[in-house]
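The values are calculated or read from the model by the stated rules, or taken from the named source; none is laboratory data. Given the structure is predicted, the values throughout are model-derived calculations rather than measurements. Neighbour counts are summed over all protein chains in view; Cβ atoms, including those assigned to glycine, are modelled from backbone coordinates with ideal geometry.
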């Protein structure tokens, strides 16, 4: 159960996870606290009910923060797939309907590269208030050039990155766990959260799912939980992705990089059973070829007899749909602070780093802001010296302010290390040292602190003015 993946066969994905789990070196900033519950524990009725009660209680005390003059906070989705590969189950009209239902205003498509089709020939317009911007997941990146790059798709990576990123083009490093040491030269940014990685890390939960799907009592309860707590079920695996945030903290020490959240949605986590005969079934997803699905004999899982009762040999039984687009879009959003909902303005804002990431199912993050103020300023206003994504010469005497529409624990992080913390809706910290500062907001759900918002950094550089005068400044 997770966001879409590049592995066509679900059982093959389990094999990938088995090989992956032992090979990652997780060295990163510490989370606020270790998870209190495992994904499997979160996927129980008592935990899901407790989590939902916390979400509703927080919503009742949400503050409406004033808009930033000249900018609008647009909820967006990065790394979204539809009609682009055999392992993608969703369509673009289905994606549009999901975006409308989830309040998503822009979708940055990530079509899998399938020549001779040009991924820039995908949807590129605004319809029903939702803006679609074409792009591709290819060569380990999310690529959003401003025009076709088909003649250059086999160029060396440095040349290809330069071509994609030219003009208003953007290119982001994707699936960080697979390329932790990849150089960031010429890139717009990177994913700082990816839904698929949470599924990769939850091998125990994925295997437990097989048990639930092949036992009639457990299956009935699972279906009920998905109906009653759809967001909590999909988000049960969501955790603090140290390997992503560590890469971001290390690399932003040297250069500006925009962090985006990756839905990696395909609407392909719809589990099905096929009745083979009276003694055997096959289990897989709607995008798995029948021959690659897992054979499940009655001798191993006697409960499938009841599930398949009355079904004809070869008939397909749909079991559980975990990831419709609406639900996937609520799981994680990338908020873009732009002048208007138009492709050029959105690209400009993303490249400038006026972006933050939020797990929307926990609460509406719209209005969150972070900035650096001069010593005399009372609150975030038009006179803020430096917003998220901005890079400025460090000057003593100022402070960083963080404001959240929901009360929680607000953390200020510099170079991967927490330097300040506050409880409530605001964090205001005097800044006496140059550095790259980003913020996190954590919410308490069912007695467990879970990460809700990831801000892009404010870059306060020492000696920036002198470097710029010498012609060697940051980009």
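Below, the figures for the structure above:
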quantity	calculated
Residue identified as under 24 Å from residue 342 (Cα atoms) and touching a strand residue (DSSP E or B) at 6+ places or on another chain (Cβ under 7 Å) among 170, 120	170
Strands (runs of 3 or more DSSP E) within region 400-475 that include 2 or more residues modelled with pLDDT of 95 or more, under 20 Å from the mean Cα position of the chain (by Cα) and surrounded by 15 or more Cβ atoms within 10 Å (Cβ to Cβ)	435-445, 448-455
Wholly enclosed helices (runs of 4 or more DSSP H) of region 289-381 bearing at least 1 residues modelled with pLDDT of 95 or more	325-331, 343-351
Matching option when the condition is closer than 30 Å to residue 97 by Cα and either in contact with a helix residue (DSSP H, G or I) (Cβ under 8 Å, 6 or more places away or on another chain) or surrounded by fewer than 22 Cβ atoms within 10 Å (Cβ to Cβ) (or both), among 170, 153	170
Hits in region 268-280 (condition: without any contact (Cβ under 8 Å) to a residue 40 or more places away in the chain and either in a strand (DSSP E or B) or surrounded by 20 or more Cβ atoms within 10 Å (Cβ to Cβ) (or both))	276, 277, 280
Residue identified as assigned to a helix (DSSP H, G or I), modelled with pLDDT of 95 or more and in the same structural domain as residue 355 (by TED's automatic domain parsing) among 61, 46	46
